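Below is one structure, written out as C-alpha coordinates; comments come after it.
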Amino acid sequence: MNQVKLILEDGTEIQGESFGALTSVAGEVVFSTAMTGYPENLTDPSFAGQILVLTTPMVGNYGVPGEELYESISRIFESDKIHIAGLVVSYYSEEHSHWHAAKSLGDWLKEYNIPGIFGVDTRMLTKKLREKGAMLGKIVADGQDVPFHDPNLDNLVAQVSPAGVQHYGHGQHKIVLVDCGTKTNIIRCFLERDVELIRVPWDYDFTQLDYDGLFLSNGPGDPKMCEATIRHLQKALQQDKPIFGICLGSQLMGLAAGGDTFKLKYGHRSHNQPVKLTGTQHCYITSQNHGFAVDTETLPAEWNMLFENLNDGTCEGIKHVSKPFFSTQFHPEAAGGPQDTEFLFDDFLEAVVKYKEVQPK
Ligand SMILES: NC(=O)CC[C@H](N)C(=O)O
(Lines give C-alpha, C1' and ligand atoms only; values in the text may rest on other atoms or scores of the structure.)
Protein backbone atom coordinates (compact mmCIF):
# COMPACT_ATOMS: atom_id res chain seq x y z
CA MET A 1 0.00 0.00 0.00
CA ASN A 2 1.24 3.50 -0.82
CA GLN A 3 1.26 6.11 1.92
CA VAL A 4 -0.35 9.48 1.08
CA LYS A 5 -1.02 12.62 3.10
CA LEU A 6 -4.01 14.88 3.53
CA ILE A 7 -2.76 18.40 4.32
CA LEU A 8 -5.07 21.24 5.40
CA GLU A 9 -4.38 24.97 5.12
CA ASP A 10 -4.26 25.23 8.95
CA GLY A 11 -1.17 23.00 8.98
CA THR A 12 -2.95 19.73 9.87
CA GLU A 13 -1.22 16.71 8.26
CA ILE A 14 -2.86 13.29 8.27
CA GLN A 15 -1.12 10.14 7.01
CA GLY A 16 -3.24 7.58 5.24
CA GLU A 17 -3.13 4.92 2.59
CA SER A 18 -3.84 5.41 -1.09
CA PHE A 19 -6.72 3.94 -3.08
CA GLY A 20 -7.90 5.06 -6.50
CA ALA A 21 -5.31 7.04 -8.48
CA LEU A 22 -1.89 7.65 -6.93
CA THR A 23 -1.75 11.37 -7.72
CA SER A 24 -1.73 14.72 -5.89
CA VAL A 25 -4.64 17.20 -5.92
CA ALA A 26 -5.70 20.42 -4.21
CA GLY A 27 -9.25 21.61 -3.50
CA GLU A 28 -11.74 22.70 -0.86
CA VAL A 29 -12.19 20.05 1.85
CA VAL A 30 -15.87 19.45 2.67
CA PHE A 31 -17.66 16.66 4.53
CA SER A 32 -20.84 14.70 3.93
CA THR A 33 -22.60 12.71 6.62
CA ALA A 34 -24.68 10.71 4.11
CA MET A 35 -24.42 6.99 4.90
CA THR A 36 -24.86 5.70 1.33
CA GLY A 37 -24.89 7.05 -2.22
CA TYR A 38 -21.21 7.45 -3.16
CA PRO A 39 -21.85 6.61 -6.87
CA GLU A 40 -24.38 9.48 -6.93
CA ASN A 41 -22.32 11.91 -4.82
CA LEU A 42 -19.09 11.45 -6.73
CA THR A 43 -20.80 12.14 -10.07
CA ASP A 44 -22.78 15.17 -8.80
CA PRO A 45 -21.21 18.12 -10.73
CA SER A 46 -21.81 20.38 -7.69
CA PHE A 47 -18.82 18.67 -6.03
CA ALA A 48 -16.37 19.91 -8.72
CA GLY A 49 -13.15 21.18 -7.13
CA GLN A 50 -13.90 19.64 -3.72
CA ILE A 51 -12.06 16.99 -1.71
CA LEU A 52 -14.92 15.04 -0.17
CA VAL A 53 -14.70 13.55 3.32
CA LEU A 54 -17.29 10.84 4.05
CA THR A 55 -18.08 10.36 7.74
CA THR A 56 -19.77 7.00 7.29
CA PRO A 57 -17.14 4.55 8.55
CA MET A 58 -17.02 1.96 5.76
CA VAL A 59 -17.01 2.97 2.09
CA GLY A 60 -16.75 0.84 -1.04
CA ASN A 61 -18.45 -2.30 0.27
CA TYR A 62 -21.24 -2.21 -2.32
CA GLY A 63 -18.96 -1.39 -5.25
CA VAL A 64 -19.96 0.73 -8.23
CA PRO A 65 -22.77 -0.18 -10.66
CA GLY A 66 -22.31 -0.56 -14.39
CA GLU A 67 -23.60 2.21 -16.66
CA GLU A 68 -27.02 2.00 -18.35
CA LEU A 69 -28.47 4.67 -20.62
CA TYR A 70 -32.03 5.96 -20.72
CA GLU A 71 -33.07 8.61 -23.33
CA SER A 72 -29.29 9.15 -23.91
CA ILE A 73 -28.68 10.06 -20.24
CA SER A 74 -27.38 7.86 -17.45
CA ARG A 75 -29.95 5.79 -15.58
CA ILE A 76 -27.47 5.23 -12.75
CA PHE A 77 -25.11 8.17 -12.24
CA GLU A 78 -25.70 11.90 -11.73
CA SER A 79 -23.51 12.88 -14.70
CA ASP A 80 -21.08 11.22 -17.10
CA LYS A 81 -17.96 11.41 -14.92
CA ILE A 82 -16.58 11.70 -11.39
CA HIS A 83 -16.50 15.37 -10.37
CA ILE A 84 -14.93 15.37 -6.90
CA ALA A 85 -11.22 16.30 -6.78
CA GLY A 86 -10.39 13.64 -4.17
CA LEU A 87 -11.99 11.29 -1.63
CA VAL A 88 -11.22 10.83 2.08
CA VAL A 89 -12.61 7.86 4.01
CA SER A 90 -12.03 5.98 7.22
CA TYR A 91 -12.20 2.34 6.12
CA TYR A 92 -12.07 1.54 2.40
CA SER A 93 -13.38 -1.84 1.30
CA GLU A 94 -11.92 -2.96 -2.03
CA GLU A 95 -13.94 -6.12 -1.58
CA HIS A 96 -17.55 -5.46 -2.57
CA SER A 97 -20.82 -7.28 -2.96
CA HIS A 98 -24.00 -6.03 -4.62
CA TRP A 99 -26.21 -7.44 -7.39
CA HIS A 100 -25.56 -4.33 -9.47
CA ALA A 101 -21.81 -3.90 -8.80
CA ALA A 102 -19.54 -3.91 -11.87
CA LYS A 103 -16.28 -2.72 -10.29
CA SER A 104 -14.66 -1.56 -7.08
CA LEU A 105 -14.73 2.08 -5.96
CA GLY A 106 -10.91 2.18 -6.18
CA ASP A 107 -10.91 0.99 -9.81
CA TRP A 108 -13.60 3.52 -10.69
CA LEU A 109 -11.56 6.38 -9.14
CA LYS A 110 -8.51 5.19 -11.12
CA GLU A 111 -10.48 5.43 -14.40
CA TYR A 112 -10.94 9.16 -13.79
CA ASN A 113 -7.49 9.72 -12.22
CA ILE A 114 -9.03 10.74 -8.86
CA PRO A 115 -7.07 10.00 -5.68
CA GLY A 116 -8.54 8.51 -2.52
CA ILE A 117 -7.04 8.30 0.97
CA PHE A 118 -8.20 5.90 3.67
CA GLY A 119 -7.26 5.14 7.25
CA VAL A 120 -8.26 8.71 8.21
CA ASP A 121 -10.23 9.47 11.37
CA THR A 122 -12.93 11.21 9.34
CA ARG A 123 -15.05 12.03 12.39
CA MET A 124 -12.13 13.90 14.07
CA LEU A 125 -11.49 15.64 10.73
CA THR A 126 -15.16 16.61 10.46
CA LYS A 127 -15.14 18.08 13.99
CA LYS A 128 -12.19 20.23 12.90
CA LEU A 129 -14.01 21.35 9.72
CA ARG A 130 -17.10 22.18 11.78
CA GLU A 131 -15.06 24.27 14.25
CA LYS A 132 -12.83 26.08 11.75
CA GLY A 133 -15.10 25.95 8.67
CA ALA A 134 -14.49 24.33 5.28
CA MET A 135 -10.77 24.60 4.49
CA LEU A 136 -8.50 24.36 1.50
CA GLY A 137 -6.54 21.15 1.44
CA LYS A 138 -4.59 18.72 -0.67
CA ILE A 139 -3.91 15.04 -1.03
CA VAL A 140 -0.19 14.59 -1.57
CA ALA A 141 1.05 11.35 -3.12
CA ASP A 142 4.64 10.25 -3.73
CA GLY A 143 5.93 13.47 -2.14
CA GLN A 144 4.67 15.40 -5.19
CA ASP A 145 3.43 18.57 -3.52
CA VAL A 146 0.85 20.82 -5.19
CA PRO A 147 -0.11 24.39 -4.15
CA PHE A 148 -3.37 25.01 -2.26
CA HIS A 149 -6.12 26.16 -4.61
CA ASP A 150 -9.51 27.71 -3.86
CA PRO A 151 -11.97 26.32 -6.47
CA ASN A 152 -14.56 28.96 -5.51
CA LEU A 153 -12.41 31.54 -7.32
CA ASP A 154 -12.90 29.64 -10.62
CA ASN A 155 -15.96 29.65 -12.84
CA LEU A 156 -16.65 25.97 -12.19
CA VAL A 157 -20.10 26.18 -13.78
CA ALA A 158 -18.51 27.04 -17.15
CA GLN A 159 -16.35 23.90 -16.76
CA VAL A 160 -19.22 21.46 -16.11
CA SER A 161 -22.04 22.98 -18.21
CA PRO A 162 -22.64 21.35 -21.63
CA ALA A 163 -21.42 23.04 -24.81
CA GLY A 164 -24.67 22.82 -26.78
CA VAL A 165 -28.46 22.54 -26.61
CA GLN A 166 -30.09 19.11 -26.19
CA HIS A 167 -33.75 18.05 -26.46
CA TYR A 168 -35.47 15.25 -24.52
CA GLY A 169 -39.02 13.93 -24.24
CA HIS A 170 -42.21 14.65 -26.16
CA GLY A 171 -44.57 15.87 -23.44
CA GLN A 172 -47.00 18.75 -23.59
CA HIS A 173 -45.09 21.25 -21.48
CA LYS A 174 -41.99 22.85 -22.92
CA ILE A 175 -39.47 23.34 -20.11
CA VAL A 176 -36.10 25.03 -20.54
CA LEU A 177 -33.50 23.56 -18.18
CA VAL A 178 -30.55 25.91 -17.65
CA ASP A 179 -27.74 23.42 -17.04
CA CYS A 180 -25.20 24.85 -14.60
CA GLY A 181 -24.10 21.29 -13.75
CA THR A 182 -27.40 19.48 -13.50
CA LYS A 183 -27.81 16.18 -11.69
CA THR A 184 -29.23 13.58 -14.07
CA ASN A 185 -32.04 12.76 -11.69
CA ILE A 186 -33.50 16.22 -12.30
CA ILE A 187 -33.77 15.30 -16.00
CA ARG A 188 -35.26 11.89 -15.07
CA CYS A 189 -37.82 13.58 -12.78
CA PHE A 190 -38.94 15.80 -15.68
CA LEU A 191 -39.01 12.95 -18.20
CA GLU A 192 -41.29 10.93 -15.90
CA ARG A 193 -43.77 13.78 -16.29
CA ASP A 194 -45.54 15.35 -19.26
CA VAL A 195 -42.55 17.40 -20.42
CA GLU A 196 -40.49 18.27 -23.46
CA LEU A 197 -37.12 19.35 -22.07
CA ILE A 198 -34.73 21.81 -23.72
CA ARG A 199 -31.39 21.60 -21.91
CA VAL A 200 -29.25 24.69 -22.50
CA PRO A 201 -25.74 25.79 -21.41
CA TRP A 202 -25.41 28.08 -18.35
CA ASP A 203 -24.77 31.23 -20.44
CA TYR A 204 -27.30 30.53 -23.22
CA ASP A 205 -29.80 33.32 -23.86
CA PHE A 206 -32.93 31.25 -23.20
CA THR A 207 -35.11 34.37 -23.25
CA GLN A 208 -35.10 33.97 -27.08
CA LEU A 209 -36.76 30.54 -26.85
CA ASP A 210 -40.43 29.66 -26.92
CA TYR A 211 -41.14 27.81 -23.64
CA ASP A 212 -43.78 27.31 -20.92
CA GLY A 213 -41.59 27.06 -17.82
CA LEU A 214 -38.00 27.68 -16.80
CA PHE A 215 -35.88 25.43 -14.59
CA LEU A 216 -32.51 26.43 -13.03
CA SER A 217 -30.24 23.55 -12.05
CA ASN A 218 -27.80 22.86 -9.26
CA GLY A 219 -24.10 23.49 -9.91
CA PRO A 220 -20.65 23.94 -8.38
CA GLY A 221 -18.89 26.91 -6.82
CA ASP A 222 -19.89 30.45 -5.92
CA PRO A 223 -23.24 31.45 -7.50
CA LYS A 224 -21.91 34.98 -8.09
CA MET A 225 -19.66 33.54 -10.84
CA CYS A 226 -22.74 32.93 -13.03
CA GLU A 227 -23.16 36.51 -14.23
CA ALA A 228 -24.59 35.55 -17.64
CA THR A 229 -27.25 33.27 -16.11
CA ILE A 230 -28.25 35.98 -13.61
CA ARG A 231 -28.57 38.54 -16.42
CA HIS A 232 -30.86 36.29 -18.48
CA LEU A 233 -32.83 35.33 -15.40
CA GLN A 234 -33.48 38.98 -14.57
CA LYS A 235 -35.28 39.25 -17.93
CA ALA A 236 -37.32 36.11 -17.20
CA LEU A 237 -38.37 37.56 -13.82
CA GLN A 238 -40.03 40.44 -15.71
CA GLN A 239 -42.41 37.90 -17.29
CA ASP A 240 -44.98 35.57 -15.70
CA LYS A 241 -43.78 32.16 -16.92
CA PRO A 242 -43.23 29.77 -14.01
CA ILE A 243 -39.63 29.40 -12.74
CA PHE A 244 -38.29 26.66 -10.45
CA GLY A 245 -34.70 26.52 -9.18
CA ILE A 246 -32.80 23.88 -7.20
CA CYS A 247 -29.71 24.56 -5.06
CA LEU A 248 -27.42 26.78 -7.19
CA GLY A 249 -30.64 27.58 -9.10
CA SER A 250 -32.16 28.87 -5.84
CA GLN A 251 -29.12 31.05 -5.19
CA LEU A 252 -29.26 32.42 -8.77
CA MET A 253 -32.94 33.24 -8.32
CA GLY A 254 -32.09 35.13 -5.10
CA LEU A 255 -29.30 37.07 -6.80
CA ALA A 256 -31.40 37.89 -9.89
CA ALA A 257 -34.22 39.10 -7.61
CA GLY A 258 -31.78 41.61 -6.08
CA GLY A 259 -30.83 39.66 -2.94
CA ASP A 260 -27.41 38.48 -1.80
CA THR A 261 -25.76 35.11 -1.08
CA PHE A 262 -23.06 34.23 1.44
CA LYS A 263 -20.75 31.30 2.15
CA LEU A 264 -21.84 29.03 4.99
CA LYS A 265 -19.17 28.08 7.56
CA TYR A 266 -19.05 24.42 6.50
CA GLY A 267 -22.17 23.87 4.40
CA HIS A 268 -24.89 21.21 4.43
CA ARG A 269 -24.05 17.86 2.87
CA SER A 270 -26.17 14.91 3.95
CA HIS A 271 -29.41 13.03 3.39
CA ASN A 272 -31.18 14.04 6.61
CA GLN A 273 -31.45 17.82 6.68
CA PRO A 274 -34.75 18.99 8.23
CA VAL A 275 -36.52 21.91 6.54
CA LYS A 276 -39.76 23.63 7.56
CA LEU A 277 -42.27 24.92 5.03
CA THR A 278 -42.95 28.58 5.87
CA GLY A 279 -46.35 29.23 7.42
CA THR A 280 -46.77 25.60 8.51
CA GLN A 281 -45.36 23.24 11.15
CA HIS A 282 -44.57 20.77 8.37
CA CYS A 283 -41.03 19.41 8.35
CA TYR A 284 -39.45 17.50 5.45
CA ILE A 285 -36.22 15.50 5.65
CA THR A 286 -34.13 16.44 2.64
CA SER A 287 -31.00 15.63 0.66
CA GLN A 288 -28.54 18.54 0.54
CA ASN A 289 -25.18 19.52 -0.91
CA HIS A 290 -24.31 23.18 -0.68
CA GLY A 291 -21.80 25.61 0.76
CA PHE A 292 -23.56 28.90 -0.02
CA ALA A 293 -27.02 30.23 0.92
CA VAL A 294 -29.36 33.11 0.08
CA ASP A 295 -29.30 35.84 2.74
CA THR A 296 -33.03 36.15 3.42
CA GLU A 297 -32.55 39.58 5.02
CA THR A 298 -31.45 40.99 1.65
CA LEU A 299 -34.47 39.78 -0.35
CA PRO A 300 -36.75 42.50 -1.82
CA ALA A 301 -40.23 42.86 -0.27
CA GLU A 302 -41.96 40.79 -2.96
CA TRP A 303 -39.88 37.69 -2.07
CA ASN A 304 -40.24 35.41 0.97
CA MET A 305 -38.36 32.45 2.45
CA LEU A 306 -40.21 29.28 1.35
CA PHE A 307 -38.34 26.72 3.49
CA GLU A 308 -36.11 27.17 6.54
CA ASN A 309 -33.35 24.82 7.70
CA LEU A 310 -34.32 23.60 11.17
CA ASN A 311 -30.70 23.00 12.22
CA ASP A 312 -29.33 26.50 11.64
CA GLY A 313 -32.26 28.68 10.47
CA THR A 314 -30.74 29.36 7.03
CA CYS A 315 -32.76 29.84 3.85
CA GLU A 316 -33.78 26.58 2.13
CA GLY A 317 -35.75 28.15 -0.71
CA ILE A 318 -37.52 31.33 -1.76
CA LYS A 319 -40.84 32.27 -3.36
CA HIS A 320 -42.27 35.31 -5.09
CA VAL A 321 -45.39 36.68 -3.37
CA SER A 322 -47.56 36.78 -6.50
CA LYS A 323 -45.73 35.26 -9.50
CA PRO A 324 -45.11 31.49 -9.97
CA PHE A 325 -41.41 31.68 -9.09
CA PHE A 326 -40.00 29.40 -6.37
CA SER A 327 -36.87 27.52 -5.43
CA THR A 328 -35.37 25.03 -3.00
CA GLN A 329 -31.85 25.02 -1.61
CA PHE A 330 -32.24 21.28 -0.99
CA HIS A 331 -32.62 18.56 -3.62
CA PRO A 332 -36.24 17.39 -4.25
CA GLU A 333 -34.82 14.99 -6.87
CA ALA A 334 -32.56 13.52 -4.13
CA ALA A 335 -30.38 10.68 -5.65
CA GLY A 336 -29.21 9.79 -3.11
CA GLY A 337 -31.49 10.59 -0.24
CA PRO A 338 -35.17 10.80 0.68
CA GLN A 339 -37.62 11.49 -2.14
CA ASP A 340 -40.27 13.07 0.11
CA THR A 341 -40.20 16.44 -1.69
CA GLU A 342 -40.33 15.19 -5.29
CA PHE A 343 -43.91 16.54 -5.38
CA LEU A 344 -42.35 19.98 -5.97
CA PHE A 345 -41.82 18.98 -9.63
CA ASP A 346 -45.61 18.41 -9.80
CA ASP A 347 -46.25 21.79 -8.12
CA PHE A 348 -44.05 23.46 -10.75
CA LEU A 349 -45.85 21.71 -13.62
CA GLU A 350 -49.22 22.64 -12.11
CA ALA A 351 -48.06 26.28 -12.19
CA VAL A 352 -47.11 25.75 -15.84
CA VAL A 353 -50.60 24.38 -16.64
CA LYS A 354 -52.22 27.39 -14.91
CA TYR A 355 -49.98 29.80 -16.77
CA LYS A 356 -50.86 28.20 -20.12
CA GLU A 357 -54.60 28.29 -19.37
CA VAL A 358 -54.62 32.10 -19.21
CA GLN A 359 -52.53 32.59 -22.36
CA PRO A 360 -54.38 33.69 -25.53
CA LYS A 361 -54.62 30.71 -27.92
N1 LIG B 1 -25.63 21.60 -5.19
C2 LIG B 1 -25.53 22.86 -5.56
O3 LIG B 1 -26.16 23.31 -6.50
C4 LIG B 1 -24.54 23.71 -4.81
C5 LIG B 1 -24.66 25.18 -5.07
C6 LIG B 1 -23.41 25.95 -4.69
N7 LIG B 1 -22.29 25.54 -5.49
C8 LIG B 1 -23.13 25.77 -3.22
O9 LIG B 1 -22.21 25.06 -2.85
O10 LIG B 1 -23.84 26.31 -2.40
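Evaluate the following for E68: is it acidic (D, E), farther than 18 Å from G219 by Cα and either out of contact with any Phe, Trp or Tyr (no Cβ under 7 Å at 6 or more places or on another chain) or modelled with pLDDT under 95 (or both)?
Values: acidic (D, E): yes; farther than 18 Å from G219 by Cα: yes; either out of contact with any Phe, Trp or Tyr (no Cβ under 7 Å at 6 or more places or on another chain) or modelled with pLDDT under 95 (or both): yes.
So E68 fits the description; yes.
Looking at the range 112-136 only, could you name the residues that are in a helix (DSSP H, G or I), open to solvent by 80 Å² or more (accessible area, probe 1.4 Å) and in contact (Cβ under 8 Å) with a residue 40 or more places away in the chain?
The answer is R123, R130, K132.
Looking only at the range 235-251, decide whether some residue is of a type in the set (D, E), within 15 Å of the ligand (Cβ to nearest atom) and not in a helix (DSSP H, G or I).
Looking through the range 235-251, none of the residues is of a type in the set (D, E), within 15 Å of the ligand (Cβ to nearest atom) and not in a helix (DSSP H, G or I).
Residues Q251, Q238: which one is at pLDDT 95 or above and open to solvent by 10 Å² or more (accessible area, probe 1.4 Å)?
Values: Q251 fails: open to solvent by 10 Å² or more (accessible area, probe 1.4 Å).
When all the criteria are applied, what remains is Q238.
Can you name every residue in the range 43-53 that is of a type in the set (A, V, I, L, M, F, W, C) and either within 13 Å of the ligand (Cβ to nearest atom) or surrounded by fewer than 24 Cβ atoms within 10 Å (Cβ to Cβ) (or both)?
Of the residues in the range 43-53, the ones of a type in the set (A, V, I, L, M, F, W, C) are 47-48, 51-53.
Of everything in the range 43-53, those that are of a type in the set (A, V, I, L, M, F, W, C) and either within 13 Å of the ligand (Cβ to nearest atom) or surrounded by fewer than 24 Cβ atoms within 10 Å (Cβ to Cβ) (or both) turn out to be F47, A48, L52.
Collect the residues in the range 156-210 that are assigned to a loop (DSSP other than H, G, I, E, B), surrounded by 17 or more Cβ atoms within 10 Å (Cβ to Cβ) and not basic (K, R), keeping them in residue-number order.
S161, G169, C180, G181, T182, W202, D203, Y204
Could you list, in sequence order, all residues of the range 291-308 that are open to solvent by less than 20 Å² (accessible area, probe 1.4 Å), within 16 Å of the ligand (Cβ to nearest atom) and without any contact (Cβ under 8 Å) to a residue 60 or more places away in the chain?
A293, V294, F307
Restricting to the range 212-235, give me the number of residues that are of a type outside the set (G, A, S) and either open to solvent by less than 10 Å² (accessible area, probe 1.4 Å) or modelled with pLDDT under 95 (or both). Outline the logic, then answer.
Just the residues of the range 212-235 that are of a type outside the set (G, A, S), to begin with: 212, 214-216, 218, 220, 222-227, 229-235.
Right, trim to either open to solvent by less than 10 Å² (accessible area, probe 1.4 Å) or modelled with pLDDT under 95 (or both) and you get 214-216, 218, 220, 223, 226, 229, 233.
Qualifying residue count, the range 212-235: 9.
May I ask you to say which residue of H167, H83, H173 is under 23 Å from the mean Cα position of the chain (by Cα) and not assigned by TED's automatic domain parsing to the domain that holds Y62? I'd like the intermediate steps shown before the answer.
Details: H83 fails: not assigned by TED's automatic domain parsing to the domain that holds Y62; H173 fails: under 23 Å from the mean Cα position of the chain (by Cα).
Within the list H167, H83, H173, the selection yields H167.
Would you mind stating whether L87 is in a helix (DSSP H, G or I) and open to solvent by less than 30 Å² (accessible area, probe 1.4 Å)? Full working, then the answer.
Numbers: in a helix (DSSP H, G or I): no; open to solvent by less than 30 Å² (accessible area, probe 1.4 Å): yes.
So L87 fails the test.
Based on what the data block shows, is I230 within 16 Å of the ligand (Cβ to nearest atom), assigned to a helix (DSSP H, G or I) and out of contact with any helix residue (DSSP H, G or I) (no Cβ under 7 Å at 6 or more places or on another chain)? Lay out the reasoning, then the answer.
Details: within 16 Å of the ligand (Cβ to nearest atom): yes; assigned to a helix (DSSP H, G or I): yes; out of contact with any helix residue (DSSP H, G or I) (no Cβ under 7 Å at 6 or more places or on another chain): no.
So I230 does not fit the description; no.
Can you name every residue in the range 276-290 that is under 17 Å from the mean Cα position of the chain (by Cα) and either within 14 Å of the ligand (Cβ to nearest atom) or buried (at least 19 other Cβ atoms within 10 Å of the Cβ) (or both)?
From the range 276-290, those under 17 Å from the mean Cα position of the chain (by Cα) are 285-290; that's our starting set.
T286, S287, Q288, N289, H290 - these are the residues of the range 276-290 that are under 17 Å from the mean Cα position of the chain (by Cα) and either within 14 Å of the ligand (Cβ to nearest atom) or buried (at least 19 other Cβ atoms within 10 Å of the Cβ) (or both).
In this structure, is K265 within 18 Å of L214 (Cα to Cα), surrounded by fewer than 23 Cβ atoms within 10 Å (Cβ to Cβ) and more than 16 Å from the chain's Cα centre (by Cα)?
Working: within 18 Å of L214 (Cα to Cα): no; surrounded by fewer than 23 Cβ atoms within 10 Å (Cβ to Cβ): yes; more than 16 Å from the chain's Cα centre (by Cα): yes.
No, not satisfied.
Quick one: is I186 in the same structural domain as V294 (by TED's automatic domain parsing) and more than 13 Å from the ligand (Cβ to nearest atom)? Spell out the reasoning first.
Values: in the same structural domain as V294 (by TED's automatic domain parsing): yes; more than 13 Å from the ligand (Cβ to nearest atom): no.
Spelling it out, it is not the case that I186 is in the same structural domain as V294 (by TED's automatic domain parsing) and more than 13 Å from the ligand (Cβ to nearest atom).
This table checks each residue for (1) of a type outside the set (A, V, I, L, M, F, W, C); (2) crowded, with 22+ Cβ neighbours inside 10 Å.
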| site | (1), (2) |
| --- | --- |
| G20 | yes, yes |
| S24 | yes, no |
| S32 | yes, yes |
| P57 | yes, no |
| L69 | no, no |
| Y92 | yes, yes |
| H96 | yes, no |
| L105 | no, yes |
| K110 | yes, no |
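The values are calculated or read from the model by the stated rules, or taken from the named source; none is laboratory data. Everything quoted here is computed from the prediction, not taken from an experiment. Backbone-built Cβ (ideal geometry, glycine too); neighbour counts: all protein chains shown. Each accessible area value is taken on the protein alone, full model and side chains, heavy atoms only, with ligands, DNA and RNA left out. Shrake-Rupley method; radii C 1.70, N 1.55, O 1.52, S 1.80 Å.
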